[in-house]
1. Among the residues of segment A:148-168, which ones are of a type in the set (S, T, N, Q) and either without any contact (Cβ under 8 Å) to a residue 40 or more places away in the chain or in a helix (DSSP H, G or I) (or both)?
2. Quick test of your reading of the structure: A:Ile212 fulfils all but one of (1) under 26 Å from A:His274 (Cβ atoms); (2) surrounded by 21 or more Cβ atoms within 10 Å (Cβ to Cβ); (3) in contact with a Ser or Thr (Cβ under 8 Å, 6 or more places away or on another chain). Name the failing condition by number.
3. Can you tell me which residue within segment B:18-33, out of those that are of a type in the set (A, V, I, L, M) and under 15 Å from A:Ser140 (Cα atoms), is nearest to the chain's Cα centre (by Cα)?
4. In segment B:127-147, which residues are within 8 Å of another protein chain (Cβ to nearest Cβ) and not in a helix (DSSP H, G or I)?
5. Residue by residue through segment A:157-198, note down the ones that are crowded, with 18+ Cβ neighbours inside 10 Å, hydroxyl-bearing (Ser, Thr, Tyr) and at pLDDT 80 or above.
6. Have a look at A:Ile108, A:Ile124 and point out the one that is part of a helix (DSSP H, G or I) and more than 43 Å from the chain's Cα centre (by Cα).
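The values are calculated or read from the model by the stated rules, or taken from the named source; none is laboratory data. Treat the numbers as computed from the prediction; the structure is a model and nothing was measured. Here the Cβ is made from the backbone with ideal geometry for all residues, glycine too, and neighbour counts use every protein chain on show.
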Number of protein chains: 2
Amino acid sequence: CSYYLKPRLALKGFLVVGLMARVLNFLEKAWALGVSEPKKVIHGMKVGIALSLVSLFYYMRPLYDGVGGNAMWAVMTVVVVFEYNVGATLCKSLNRVTGTFLAGSLGIGVHWVASQSGEKLEPIILGISVFILASAATFSRFMPSVKARFDYGAMIFILTFSLVSVSGYRVDKLFGMAHQRLSTIAIGTSLCIIISMFVSPIWAGDELHQIIHRNMEKLAESLEGCVGTYFKDNQSGHPSEGDSSKKTQAYKCVLNSKATEESMANFAMWEPPHGPFNFRHPWKEYLKIGAVLRSCACCIDALSGCLDSEKQATEHLKVHLRDASMAVCSHSCIVLRELSMSVKTTTNSSKLHSSVGEMNFALQELQNALKSLPTQLILQQPFPDESSENKSNNEKECAPPVLGLIPLATLVSLLTEIAARIEE
Amino acid sequence: CSYYLKPRLALKGFLVVGLMARVLNFLEKAWALGVSEPKKVIHGMKVGIALSLVSLFYYMRPLYDGVGGNAMWAVMTVVVVFEYNVGATLCKSLNRVTGTFLAGSLGIGVHWVASQSGEKLEPIILGISVFILASAATFSRFMPSVKARFDYGAMIFILTFSLVSVSGYRVDKLFGMAHQRLSTIAIGTSLCIIISMFVSPIWAGDELHQIIHRNMEKLAESLEGCVGTYFKDNQSGHPSEGDSSKKTQAYKCVLNSKATEESMANFAMWEPPHGPFNFRHPWKEYLKIGAVLRSCACCIDALSGCLDSEKQATEHLKVHLRDASMAVCSHSCIVLRELSMSVKTTTNSSKLHSSVGEMNFALQELQNALKSLPTQLILQQPFPDESSENKSNNEKECAPPVLGLIPLATLVSLLTEIAARIEE
């Protein structure tokens with residue numbers, strides 16, 4: 001019998017070990033996340049504090065009757081409304097209060113009308129009104145203007161309206177109930193707002209600000225890595241392959257930052273003035289910068305695609321264009337880093353104009369190098385037919401870094417203008 | 001006195017008219033959205049039906065005591081769980097039921113421990129347990145693996161746990177309550193699932209499928225528009241400027257489709273087999289195709305940036321490269337459309353291989369045209385110094401469409417491979 005049991009035991013042991021390994025793996029990842037972003041751990045603790053406070057507050061006061069009573073609305077409000085950054089919390093709180101208030105008053109109205117119209121008509125009126133309002137509100141959530149700001153409010157509106165209109169209470173009792181509900185929600189939301197704003201607050205505006213200036217730095221890194229790898233590759237060995245390829249890939253997360261930036265800008269608009277940001281800080285300008293950065297990242301993507309292609313230019317051509325290309329690249333990077341600093345400190349850097357000038361000068365140099373290139377090659381070699389064919393082929397293969405840089409540089413200067421406009 | 005009133009009246013009238021205009025504008029937009037996407041109107045109506053059904057069901061049964069009782073959980077479940085597509089609804093339903101069940105049992109356990117340990121310790125134990133679990137669950141929502149699938153479940157877990165553990169009921173009463181709550185939630189979720197699956201269902205898998213093959217068509221359109229405009233521009237007038245620029249911009253929404261695709265693929269995995277999709281349909285492959293399409297869109301972005309730059313090639317060069325470039329472009333478009341069709345019908349098109357071959361041939365032709373270009377120019381003109389400078393300048397300006405096409409073509413052939421792998 002033990003022969004049959006052993007494999008089962010082994011299987012069980014195997015499953016247990018597998019589960020343990022998974023749990024350990026999960027915990028390890030969680031630890032790593034916590035170490036790299038302690039803000040998120042703090043946020044978790046803030047939610048814990050808020051919940052314990054509101055729970056105990058209601059637990060201590062036995063005048064409400066436990067789960068069935070209104071205390072739960074306060075708990076629920078805290079759980080649902082407490083978001084990672086202040087803007088989102090404010091946005092959800094206002095949505096919740098407004099949605100509850102509007103739907104509550106409308107629901108009481110409909111309920112009154114229905115109760116006046118006799119027992120037969122009552123369920124019909126209620127059903128139809130719920131159907132119409134729920135359909136309309138659900139559909140309105142698809143509208144882009146509603147979705148951006150009042151998505152949660154519309155949901156709360158539907159919820160409250162159907163709860164109120166369907167409740168079997170008389171209207172005069174409903175008023176007392178509505179008063180209680182609104183007050184518990186107000187307690188919950190104000191607790192959330194206070195804790196999220198005063199206990200190590202995380203502002204959406206700050207986050208957006210950081211995303212933008214970090215993205216600039218990432219772009220500079222990628223550009224440097226990309227062009228650097230291309231021109232170094234054949235000369236020295238591969239000293240720090242992993243590191244440089246990681247740098248080169250940095251632009252990829254810039255490409256996908258649109259959704260984050262938009263929601264951050266949206267939340268940032270709800271936030272009160274804080275730190276260096278005034279009340280009407282031009283958050284929309286950040287979105288424009290973000291769009292320009294994304295198209296820069298696109299250029300870098302195309303550029304690195306060209307550089308990775310199998311066909312490579314000859315050493316001769318590479319050497320010829322190397323200095324000029326590297327100069328353009330490094331000057332672009334300087335401009336990007338300069339911009340990043342000036343965004344970070346929200347000051348208008350005086351160096352910026354001169355570095356843009358230098359970058360444009362380097363670009364001109366590169367174009368000159370390109371122009372002078374064929375002449376040299378033709379004069380060096382006796383057979384124009386052969387050489388020119390060879391050369392044009394080479395030039396075509398080598399041109400990508402250069403051509404990719406031209407729109408990039410245009411974009412960078414465009415970016416400069418925008419940044420300058422903001423920092424003023 | 002009427003002098004003072006008039007401006008006020010005018011102001012009031014002005015405000016009313018402004019508000020009316022806003023409302024009308026909103027309604028107009030809503031109407032346009034409804035006409036262009038009737039599915040969204042139907043979804044709104046489905047939510048309306050589900051809500052009316054569940055509301056009336058509970059309204060008709062007076063054994064529950066209105067808002068305070070458990071009926072509200074069914075209404076709330078419907079409002080919160082009913083999502084646009086079937087996968088999302090299933091995902092949220094399962095999350096809700098699992099979260100409630102887990103948190104409920106854990107909450108009852110903690111409640112029992114707390115109630116056994118005396119009156120003084122009880123609130124302390126409850127407070128600490130709520131704090132620890134709420135913090136941990138909130139933090140776990142930041143983990144990417146949890147966020148993708150169990151975000152909502154974690155929220156429900158926190159909510160239910162704090163509600164149960166804080167409730168003032170005795171444990172034996174809690175069991176009955178938990179049973180009631182779970183059954184109302186089960187009624188709500190099953191109603192949602194049935195209505196969303198059987199009343200004109202909207203499958204996340206279908207949506208993803210459509211997004212992918214539409215994006216391919218958009219890319220083909222943009223590529224055509226972009227290259228077409230470049231080569232036509234100087235010859236004929238501007239016959240359909242708005243139309244072609246709209247076409248050229250089509251690639252932009254491909255660039256920003258990442259988040260949508262990922263959430264769709266995530267929801268699609270929850271869906272049962274339907275239509276042409278089997279149980280283990282490789283949804284992740286769609287994400288790979290999506291990534292390739294995005295990098296294609298990036299190339300088109302860089303290309304159109306180059307074409308829009310002020311410096312243009314001379315007519316002579318344009319004419320020389322025109323046919324070859326147009327051929328590459330049209331063959332790429334054919335391949336893209338072929339791919340789009342083959343994705344749409346989930347069949348492996350036999351034409352695909354031959355059109356890829358044709359595209360590669362056209363590419364080779366273009367490279368030959370480029371190679372032969374300088375030779376001709378040099379032989380035509382007597383002063384190699386001048387002409388070559390001029391030529392290289394021109395070539396540089398003209399090269400973008402060509403050079404942009406090379407990585408694009410590489411990507412397209414890469415795409416072919418992936419698509420072929422899937423359709424097998």
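1. Matches in segment A:148-168: A:Thr160, A:Ser162, A:Ser165.
2. So the condition that A:Ile212 fails would be (3).
3. For segment B:18-33, the residue satisfying everything is B:Leu33.
4. Of everything in segment B:127-147, those that are within 8 Å of another protein chain (Cβ to nearest Cβ) and not in a helix (DSSP H, G or I) turn out to be B:Phe142, B:Met143.
5. Answer for segment A:157-198, where residues must be crowded, with 18+ Cβ neighbours inside 10 Å, hydroxyl-bearing (Ser, Thr, Tyr) and at pLDDT 80 or above: A:Thr160, A:Ser162, A:Thr184, A:Thr189, A:Ser196.
6. Result: A:Ile124 is the single residue among A:Ile108, A:Ile124 that is part of a helix (DSSP H, G or I) and more than 43 Å from the chain's Cα centre (by Cα).
Per-residue answers, yes or no, for (1) modelled with pLDDT under 70; (2) within 30 Å of B:Ile193 (Cβ to Cβ); (3) away from chain A (no Cβ under 12 Å):
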| position | (1), (2), (3) |
| --- | --- |
| B:Leu219 | no, no, yes |
| B:Tyr230 | yes, no, yes |
| B:Lys247 | yes, no, yes |
| B:Thr260 | no, yes, no |
| B:Ala265 | no, yes, yes |
| B:Pro273 | no, yes, yes |
| B:Ile289 | no, yes, yes |
| B:Asp308 | yes, no, no |
| B:Glu315 | yes, no, yes |
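This table checks each residue for (1) more than 27 Å from B:Glu207 (Cα to Cα); (2) crowded, with 22+ Cβ neighbours inside 10 Å; (3) among the acidic types (Asp, Glu); (4) modelled with pLDDT of 85 or more.
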| position | (1), (2), (3), (4) |
| --- | --- |
| B:Tyr64 | yes, no, no, no |
| B:Ala71 | yes, yes, no, no |
| B:Phe82 | no, yes, no, yes |
| B:Leu90 | no, yes, no, yes |
| B:Thr100 | yes, yes, no, yes |
| B:Glu119 | yes, no, yes, no |
| B:Leu126 | yes, yes, no, no |
| B:Ala136 | yes, no, no, yes |
| B:Phe139 | yes, yes, no, yes |
